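Since the structure comes first, as structure tokens, the remarks are kept for the end.
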Amino acid sequence: MKKFALIVAGGNGTRMGAPISKQYLPIGRRPVLMHTLEKFHNTDPMIDLTLVIPEGDFVFWGKLCEEHAFSVPHHLVSGGRSRFQSVKNGLNSISDSQGIVAIHDGVRPFVSREVILESFLEAEKKGSAITVIPLKDSIRKLTDDGKSVFKERQYYRLVQTPQTFDLSKIKKAFEVQELAQFTDDATVYEHQGWQVHLISGNLENIKITTPEDLEYADFLIGKKSN
């Protein structure tokens, strides 16, 4: 079955405090997005890659690709006003009606090859494959009266990407109107009444959001190159 991947970086990101969006900041001397695209391409060169970024960044991205001699084949699609709209734009750009599509945060460049391969395999079998990791810390739920309640962490998981789906089903799921409860692609899929299937992620698969994340990302890049 044909494989697709949407690498989504449609936002502008303000928490980094940098003059350019976080997806273009360098780690290991190259923009974050290049590492992410390369990870999917190197895992399986047959994956059809689509990069979703703001339309106003297309020229800038093209210049970055020239500057770094970046040759991983990919399509560009304009992002929307929200992540939901960005993913919907990406899905609508895929003309095929059958296949498996992985939806991945552009600022998660450390997803492992094994996780990518398993996500496609499990989604083909079960319709979806949502990457999660267990919690390491104790957790408490805040209540409306200002108190807190202990919760058993064994019953909870932290959700990552890729979130991988049967293409026809996730396209149908995104035909609905956007709702506040849609915090990720799994919640959109689940809204159709379909059960999501969880797979184990890798701890290094962090989402680069803050300057501290960027420092850690540089450390991980240096660690892998040694």
Residue hits (region 150-196; open to solvent by less than 40 Å² (accessible area, probe 1.4 Å), assigned to a loop (DSSP other than H, G, I, E, B) and closer than 26 Å to LYS136 by Cα) are PHE182, ASP184, VAL196
Among (1) under 15 Å from the mean Cα position of the chain (by Cα); (2) more than 25 Å from ASP184 (Cα to Cα); (3) of a type in the set (Asp, Glu), GLU66 falls short only on (1)
PHE219 fails exactly one of the following numbered conditions: (1) open to solvent by less than 90 Å² (accessible area, probe 1.4 Å); (2) closer than 26 Å to GLU114 by Cβ; (3) in a helix (DSSP H, G or I). What is the number of that condition? (1)
Among the residues of region 123-136, write down those that are open to solvent by 30 Å² or more (accessible area, probe 1.4 Å) and either at pLDDT 95 or above or in a strand (DSSP E or B) (or both). GLU124, LYS125, LYS126, PRO134, LEU135
Single condition PHE4 does not satisfy, out of (1) in contact (Cβ under 8 Å) with a residue 60 or more places away in the chain; (2) over 22 Å from LEU91 (Cα atoms): (2)
Cβ pairs under 7 Å, 6+ apart, first in region 85-103 and closer than 15 Å to GLU55 by Cα and modelled with pLDDT of 95 or more, second open to solvent by less than 10 Å² (accessible area, probe 1.4 Å) and aliphatic (A, V, I, L, M): SER86/VAL52; VAL87/LEU6; VAL87/ILE103; ASN89/VAL52; GLY90/LEU6; GLY90/VAL52
Out of curiosity, is ILE116 surrounded by 14 or more Cβ atoms within 10 Å (Cβ to Cβ) and touching a Leu at 6+ places or on another chain (Cβ under 8 Å)? no
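The values are calculated or read from the model by the stated rules, or taken from the named source; none is laboratory data. This one's a predicted model, so the numbers in the text were calculated from it and none came from an experiment. Heads up, the Cβs are rebuilt from the backbone with ideal geometry, glycines too, and the neighbour counts pull from every protein chain shown. Remember, those area values only see protein heavy atoms, side chains included, never the ligands or the DNA or RNA. Shrake-Rupley method; radii C 1.70, N 1.55, O 1.52, S 1.80 Å.
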